[in-house]
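Let me begin by presenting the structure, written as structure tokens, before commenting on it.
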Amino acid sequence: MTAERVDPRMIIVSGHLTVAPEQRDAYLADCVDVVRQARATAGCREFAICADPLDPGRIVVVERWDSRGAVEAFRGDGPGEQQQIAVLDASVDEHEVASSRSLTG
């Protein structure tokens, strides 16, 4: 039996989505359950999908996970079809972090 390798690197997902400005509030409202589910998932340190205060069609995405396994366990099939249709553009990246330090003490 082979021991499973555990990746200790934190995963950060960050970026933004663009939707039609008149659809942004509805899109964010549709994300409430996803945010709630993510935050309740083992290994989730932070999960936020928020309105950009300057651009009415921009949605900021920030996630922090304990490991790639935690991200993959949550992701499943990804966003629903209606959410995919609403997204006009997206720029979201995943980062592996070997170390970090707190800026708040």
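Here, each number is a calculation from the coordinates, and none is a lab measurement. Just so it is clear, the structure is predicted and the values come from calculations on it, not from any experiment. No Cβ is skipped: glycine too gets one built from the backbone with ideal geometry, and neighbour counts run over all protein chains shown.
Most exposed first by the Cβ proxy, i.e. fewest other Cβ within 10 Å, how do Asp55, Asp66 rank?
Asp55, Asp66
Annotation: the residues Arg64, Arg45, Arg58, sorted from fewest to most other C-beta atoms within 10 Å of their own C-beta, follow the order Arg45, Arg58, Arg64. The HN-Hα couplings worked out from phi for the stretch 86-97 by the Karplus form 6.51 cos²θ - 1.76 cosθ + 1.60 (θ = phi - 60°) are 5, 7, 7, 7, 8, 9, 10, 10, 10, 10, 8, 10 Hz, whole numbers, x standing for Gly and Pro.
Here the Karplus curve 6.51 cos²θ - 1.76 cosθ + 1.60, taken at θ = phi - 60°, turns the phi angles of the stretch 39-49 into couplings of 5, 8, 7, 4, x, 8, 9, 7, 8, 9, 10 Hz, with x standing for Gly and Pro. About its Cα centre, the stretch 16-97 has a charge dipole of approximately 260 debye under the convention of +1 per Lys or Arg Cβ and -1 per Asp or Glu Cβ, with nothing else charged. Shape analysis of the stretch 16-97 yields a ratio of the Cα radius of gyration to the Kirkwood radius, Rg/Rh, of 0.96. Please tell me the relative contact order of the stretch 16-97 in percent, rounded to the nearest whole number, where contacts are Cα pairs under 8 Å and at least six residues apart. Normalised by residue count, the contact order of the stretch 16-97 is 40 percent.
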